[in-house]
Amino acid sequence: MNLVEQVLSDLVTALKDLYPNIEVESTKNKLSTVLSEYYFQRVELGEVHPDLDDYREKTL
């Protein structure tokens with residue numbers, strides 16, 4: 001499973017817990033459309049987020 005699929009699965013699971021009556025497939029399709037426009041990179045606990053590294057380099 002790639003990272004986007006993992007994020008999608010985690011989001012749908014969380015939403016299903018909050019809203020048990022949601023239509024899972026419809027929600028998954030809508031979220032998939034939105035997430036397809038983004039690039040995901042996993043950051044391990046304790047690591048500095050890559051966006052913060054970029055920001056730090058620009059401000060120094």
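Out of all the residues in the stretch 1-22, which are out of contact with any Ser or Thr (no Cβ under 9 Å at 6 or more places or on another chain) and exposed (fewer than 10 other Cβ atoms within 10 Å of the Cβ)?
Within the stretch 1-22, N2, D17, L18, P20, N21 meet the criteria.
Which of the helices (runs of 4 or more DSSP H) contained wholly in the chain include at least 1 residues that are at pLDDT 95 or above?
Fully inside the chain and qualifying: 3-18, 24-35.
The values are calculated or read from the model by the stated rules, or taken from the named source; none is laboratory data. All figures in this text were calculated on a predicted structure; none of them were measured in a lab. When we count neighbours, we look across all protein chains shown, and the Cβ atoms used for this are built from the backbone with ideal geometry, even at glycine.
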